[in-house]
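A quick write-up on the structure given underneath.
The values are calculated or read from the model by the stated rules, or taken from the named source; none is laboratory data. The structure displayed is predicted, hence computed values, not measured ones. Methodologically, a virtual Cβ is constructed for each residue, glycine included, from the backbone with ideal geometry; neighbour enumeration extends over all protein chains shown. We work out accessible area using only protein heavy atoms, side chains counted, and drop any ligands, DNA or RNA first. Shrake-Rupley method; radii C 1.70, N 1.55, O 1.52, S 1.80 Å.
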Amino acid sequence: MYRYRRLYVLALPGILYFLVFHYLPMWGVLIAFQDYSPFQGFFGSDWVGFKHFIDFFQSDKFLRLLGNTLMINLLKLVLFFPAPIVLALLLNEVRNALYKRLVQTVVYLPHFLSWVIVIGIYSLMFSSTGFVNELVVMMGGTAKKWMMMPELFQITIVLQNIWKETGWGTIIFLAALSSVSPELYEAAVMDGASRWRQLWNITLPTIRPTIIMLLLLQLGHILNTGFEQIFLMLNPLVLDVGDVFATYVYREGILQGDFSFASAAGLFNSLVGLILILGANKLTKKLGEEGLF
């Protein structure tokens, strides 16, 4: 440690970040097993064991919340996860450096917009008097209340994620693609390989470890749909298909002051994510790939 002391000093801000914002708050897990009162604190509140977990699992909304959360995340896994890979592969084929940088800048920009702004733009476009309805009416159709249609809610959430985060997600894959030796492509060209064959036999195998690593991390967040986006999109007409664990915990736990119940639900999410990461990592190693650890 003394020999690499300068590197440890460079790593110190990151270490402090995890200690302060990830490890110290783990003491809060205790209140999931208590009837927690802010006035009595951790050590003065009554211990109730698994009462809040039992109440959570026996709630008549649990299965609906689980179904909505899983469906949104599975759609993200199928539609959103491949999007940065495809975009990175397309950008990698662009030979005009100026045009490539321009496209990268344009697709990165939505990442820096908050969900409040994104949902605001969406609301303006798809409201009753928005651009989309005006276009539909001009083409002879009937205006619709797009934001109040339950059948469109979940796919809308995924499409918003694709628009906002696909460009930012390409950064890791473009970095992985930069490590591919040009000599491999030159040899493939000499052998008569087409661009598609080079993509299939050289490019994709090279970035496969990166894809697997990010897929494992994504599986760990299978029950975390994100709060802000869905909370801003929810309305009473889409509550049955849009209500997820995060929004339910906010309403039942935070707004009503039941902190123990909210902590129990949050701990359940974390444990499921941990089990999925460990299981997927073990399966990946059995298939001959490198896992996360």
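Figures for the structure shown
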{"quantity": "Zero-based 5 Å bins, Cα pair distances in segment 1-123, whole percents", "calculated": "2, 7, 7, 8, 10, 12, 14, 14, 11, 7, 4, 2, 1, 0"}
{"quantity": "Whole-number D in µm²/s for segment 239-285 (Stokes-Einstein; Kirkwood sum over Cα pairs; 37 °C, 0.692 mPa s)", "calculated": "273 µm²/s"}
{"quantity": "Given the chain, longest segment not containing exposed loop trypsin sites (Lys or Arg not before Pro) (DSSP; at most 15 other Cβ within 10 Å)", "calculated": "146-293"}
{"quantity": "Positive-pole candidate from Ala176, Val189, Ser114, dipole of segment 53-287, charges at beta carbon", "calculated": "Val189"}
{"quantity": "Segment 157-223 and segment 234-292: distance between their alpha carbon centers, rounded to Å", "calculated": "28 Å"}
{"quantity": "Kirkwood Rh and Cα Rg combined as Rg over Rh, evaluated for segment 130-169", "calculated": "1.12"}
{"quantity": "The chain, accessible surface, carbon-and-sulfur percent (1.4 angstrom probe)", "calculated": "70 percent"}
{"quantity": "Å² per residue, accessible surface of the chain at 1.4 Å", "calculated": "63 Å²"}
{"quantity": "For segment 50-55, Karplus couplings with θ = phi - 60° (6.51, -1.76, 1.60), whole Hz, Gly/Pro x", "calculated": "9, 4, 5, 5, 4, 4"}
{"quantity": "Gln34 long-range amide H proximity, modeled H, under 5 Å", "calculated": "Val48"}
{"quantity": "Two-decimal Rg/Rh across the chain, once Rg and the Kirkwood Rh are taken from alpha-carbon atoms", "calculated": "1.03"}
{"quantity": "All Cα pairs of segment 135-250, percent lying beyond 16 Å", "calculated": "74 percent"}
{"quantity": "Karplus 3J(HN,Hα) series, Hz, for segment 199-214 with 6.51 cos²θ - 1.76 cosθ + 1.60 (x for Gly, Pro)", "calculated": "4, 6, 9, 10, 5, 4, x, 5, 8, 4, x, 5, 4, 5, 4, 5"}
{"quantity": "Chymotrypsin sites (Phe, Trp or Tyr not before Pro) restricted to segment 1-86 and DSSP loop, no more than 12 other C-beta within 10 Å", "calculated": "Tyr2, Tyr4, Phe39, Phe50"}
{"quantity": "Cα-based equivalent ellipsoid of segment 94-200: semi-axis lengths in Å, sorted from largest, via gyration tensor", "calculated": "40, 17, 13"}
{"quantity": "Paramagnetic reach from Ala11 in segment 161-182 [backbone N under 19 Å; point 7 Å along Cα→Cβ]", "calculated": "none"}
{"quantity": "Where Glu252, Glu183 fall by accessible area, highest first, once all protein chains stay in place (1.4 Å)", "calculated": "Glu183, Glu252"}
{"quantity": "P(r) weight above 15 Å for segment 200-293, C-alpha pairs, percent", "calculated": "69 percent"}
